[in-house]
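Single-structure report; data block below.
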Amino acid sequence: MKQRLITGIVAGALFMGLCVWGGWPYQLMLTAMALIGYYEFIKMTGTAPFGIPAVLGYISVLCFMIPWDLLGRDEWFSWEQGIWLLMLLFLLVTVFSKNKLDIKITALMFTGIVYIGMGFSYMAIARGAGDGHGLFWTLLLLCCIWGSDAGAYFVGRSFGKNKLWPAISPNKTIEGAIGGVLISAVISAVFALFVPDLLTIPRALLIGVSCAVLGQLGDLVQSAYKRVYGIKDSGSLLPGHGGILDRCDSWIIVFPFVHIVMLMPYY
């Protein structure tokens, strides 16, 4: 617990400091986190973490993380074009490797690129919001996710009786999940009360509930594939906390979702 607490304080202070700073420092940190996360994903599957397909994966993740706004340039490809070209690239890997890397492995690598690359890239998009309030939107989403996590844990421990999804995560309860949703909704409403011109209460509640529900689903996704591979943590970078994906599993689902369904007013 002591190690977990120290790691949490140090890593949290570094992350929040760079988040407040924004710009290139925050972008570079997110890029490093994305690359480490993809390394954890590849290693977990048993694929060579520095083989040619994995290297193509790292390059693809980097492409997702290119900060076009900071560079002052237009994107080379749209999201749809980029994803299709990546899919083609990994399909061709099966051909040129003569099925030494078959479709199951390359499909998994492609999934990891989209899952991790888009997840962290949308975190950068939120911080660089075009309305000039990127820090507000980033903190809103993070606080809703953290509030949901804390609420689910403490409410679940105090009142949890009915298992939420025992086949995937035996410790989670329905009562805890509901508690997490309620706390996230309250946090988002508080944010709206401070800036009513920027965020209305109804939209804030919708964002809060979405953060909680999608955040908990993101955690279950991580639990599901770790269970398939029989591992406890995705990595060991953060002593007492596991790897990057263990800490960011909710973030990389929530941030893309709220943008893609256009819950963010500036998007």
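The values are calculated or read from the model by the stated rules, or taken from the named source; none is laboratory data. This is a predicted model, so every value here is computed, not measured. A quick note on method: Cβ atoms are made from the backbone with ideal geometry, for glycine too, and the neighbour counts reach across all protein chains shown. Please note that ligands, DNA and RNA were not included when accessible areas were found on the heavy atoms of the full protein model with its side chains. Shrake-Rupley method; radii C 1.70, N 1.55, O 1.52, S 1.80 Å.
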Fraction of alpha-carbon pairs over 22 Å apart in the stretch 175-267 - percent:
38
So which cysteines in the chain don't have a second cysteine's C-beta under 4.7 Å from them?
Cys19, Cys63, Cys143, Cys248
The stretch 196-242: C-alpha gyration tensor shape, a/c 1.5 cut-off, then a/b vs b/c:
oblate
Most mobile of Tyr58, Tyr229, Tyr115 per a Gaussian network model of the chain (Cα springs, under 10 Å)?
Tyr229
Both in Å, the radius of gyration and Dmax of the C-alpha trace of the stretch 112-175 are 16.1, 45
Mean projected area (nm²) of the alpha-carbon convex hull when the chain is viewed from all directions
14.8
The simple spin-label model distance between Ala167 and Trp76, using points 7 Å out along Cα→Cβ, in nm, is 4.3
Would you work out the Kirkwood radius for the stretch 68-126? I mean one over the mean of 1/r across all pairs of different Cα atoms, in Å.
12.9
Using the Kirkwood radius over Cα pairs, work out the Stokes-Einstein diffusion coefficient for the stretch 1-153 at 25 °C and 0.890 mPa s, in µm²/s as a whole number.
143
Counting only heavy atoms of the protein chains, get the accessible area per residue of the stretch 148-267 (1.4 Å probe) and round it to a whole Å² value.
51
So how do 154-164, 178-188 stack up, highest first, on mean other-Cβ count within 10 Å?
178-188, 154-164
Quick one: plug the Kirkwood hydrodynamic radius of the stretch 15-96 (C-alpha pairs) into Stokes-Einstein at 10 °C, 1.306 mPa s, and report D in µm²/s.
111
The relative contact order of the stretch 206-267, taking Cα pairs under 8 Å that sit 6 or more residues apart, comes to a percentage of 39
Relative to the compact-globule scaling 2.2 N^0.38 Å, provide the ratio for the alpha-carbon radius of gyration of the stretch 18-57.
1.44
